[in-house]
Structure formats: structure tokens, C-alpha cells
Amino acid sequence: MAKTEFILNAAAEKLGYVFEPGRAPCVVFLSGYRSDMSGTKAQYLAEFCRAQGHAMLRFDYSGHGVSGGQFENGSISVWTQDTVAVIKAAVDGSLILIGSSMGGWIMLHVALALGSQVSGMIGIAAAPDFTRDLMWRDLNAEQRDTLNREGVVLIDSEYDPDGYPVTKAFIEDGERNFLLDKPIDINCPVRLIQGMLDTDVPWETAVRLSQALTASDVRVCLVKNGGHRLSEDVQLQLLGSTLEEVLESLS
């Protein structure tokens, strides 16, 4: 098994990553909000790429997993910069980006930053602009008041019994990174896998993203009985076959 390597980000915090060499393009997995590179989808893709002989990169944003830094100091801008730094340190050549939930938003910014180096993208419940369209929307008046007054509010979560902090700075940084309100100038093949029973990211987000992308080779796959995580065996197999299809389209 490949071992975890570390680089320093712009804030001199350690970023942990695992790179497994193989054929290009390299598959890069971008995990979701408060998730990390040890999750089910990341591990599945690592095994898939190993079996297929493709290079694969997975990593932890600052404040996540084995990486250093405080979670509440992170933002879409910071984690996009983390992603680009790890890619530049680990990979030469073409990439396929696979972004899960928040990772789907970061994936889009990374593709805009790296341009033609990105050969294809797959979004899994991709959540661009979620700070406004989902997170801010779901805050009640008291929580919004606390956020504006104190700069941070603790949010309950079914995934985290202690809840998690959301900062005003995080919401404001999200505003500077919105993408869905105008065309997104990305022209590689894009596949968007989305559960229709997802209570975190509505399936309409995938359709809206498909319309915003300037690329013509864009497909949305709606999973009728799929929730947000899309990590059951049959859903992982769908991810694998989608990745196979994108790889074949590039050969």
C-alpha cells in the first residue's frame, strides 16, 4: 500500500496525501465537507484505479483527516488552494477530477485554475454554492443572528453528535466563489451522479450545474433511490462504470 506523504500549504500547515502511480490521466478524489480520504468512495476509487493500472491521488484538506490546521479556519478558497498545491506536488500530466458534495464545488474551481490539464470530471452530489443555497437557507433567524453577532454558530448534524462550527468568514468566502449564476467555462467531459432522495443537495442542483457548464459533453445521472452519500455497493459500481466511460471517451 502507498504511504501517506505530506506537503505544506500556503499557511505552512501539513497536508496529507496518498499518490499511487499508474497510467495517465491521474484520478484525483476531492472529498466532501468534514470528510476525508479514508472514506468509502475514496477507498473504492483507490482500489478501482489500482486494478485498472491508473494513477490515483487522494488527500485531506487542511482541518480534515490527517492534515494540520483548524477546520473552522478553512474555506472554499483555502481548500481550493490546498487541492491545487497537492496536485502540483504529486502529479504531472492530465487529470480526472472526482468531487463529492463540497468537493464538487472545489473541483470546478480547480478545473478553472488548471485549464487543459483537466481531461474530465465526475461530480457525486456536487454542491456548488451550497453556503448560500443550502447552508444559509437552513439557518433559522436565531442562528443567523448568532452568526452575525458572534462570527460563528454551532450546527447540529446527523453525522456529528457534537455538531460543527460554521463561521461568518466561511459564508462570506462562499459568496466570493459562487459559480451557478453565470456560465462556467469548463469544456471537458463532465458526468454528474445525483441521488433523488438526497436531503442535503437537491437533485435540481445537478441539472442547474449541467446547464451552467459551457461543455457540450455533460450528462446527469439521477439515482431514483439514492441519498446523499451514494456509497452503497451498487452506487459505487455506478461510479466505477462512469469513470470507465470517461476514461474510454478520452482514449
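So here's what we get for this one:
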item: Phi to ³J(HN,Hα) by Karplus 6.51 cos²θ - 1.76 cosθ + 1.60 over segment 72-78, Hz, x for Gly, Pro; result: 6, 8, x, 6, 4, 4, 4
item: Highest to lowest packing among 185-193, 219-227, scored as the average C-beta count within 10 Å; result: 185-193, 219-227
item: Value at 222 nm in deg cm²/dmol, rounded to 500, when DSSP H runs of n ≥ 4 in the chain each add -39,500 (n - 2.57); result: -11000 deg cm²/dmol
item: Over the chain, relative contact order from alpha-carbon pairs under 8 Å, at least 6 apart, %; result: 16 percent
item: Estimated vicinal HN-Hα couplings, Hz - segment 106-113 in sequence order (Karplus 6.51, -1.76, 1.60; Gly, Pro = x); result: 4, 3, 5, 5, 5, 4, 5, 6
item: For segment 163-245: rounded, prolate or oblate by the Cα gyration tensor [a/c cutoff 1.5]; result: oblate
item: Within the chain: Cβ-based charge dipole about Cα centre, in debye rounded to nearest 20 (Lys, Arg +1; Asp, Glu -1); result: 540 debye
item: Average Cα contact separation per residue, segment 3-52, under 8 Å, 6 or more apart, as relative contact order %; result: 24 percent
item: For segment 188-251 versus segment 115-140, the gap between their alpha-carbon centres in whole angstrom; result: 13 Å
item: GNM flexibility winner over the chain from His64, His54, His109 (Cα, springs under 10 Å); result: His54
item: Global form of segment 142-186, assessed from the alpha-carbon gyration tensor, a/c cut-off 1.5; result: oblate
item: For segment 153-161, Karplus couplings with θ = phi - 60° (6.51, -1.76, 1.60), whole Hz, Gly/Pro x; result: 9, 8, 10, 5, 8, 5, 8, 9, x
item: Listed candidates (1) 18.2; (2) 19.1; (3) 19.9 - label of the one calculated as Kirkwood radius over Cα pairs in Å; result: (1)
item: Peptide ranges 22-33, 173-184 listed from the most packed, as the mean C-beta count within 10 angstrom indicates; result: 22-33, 173-184
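Quick note: the coordinates plus some simple rules give every number you see, no bench work behind them. In this text, all values refer to a predicted model and were calculated from it rather than measured experimentally. Every residue, glycine among them, receives a Cβ derived from its backbone with ideal geometry; neighbour counts consider all protein chains shown.
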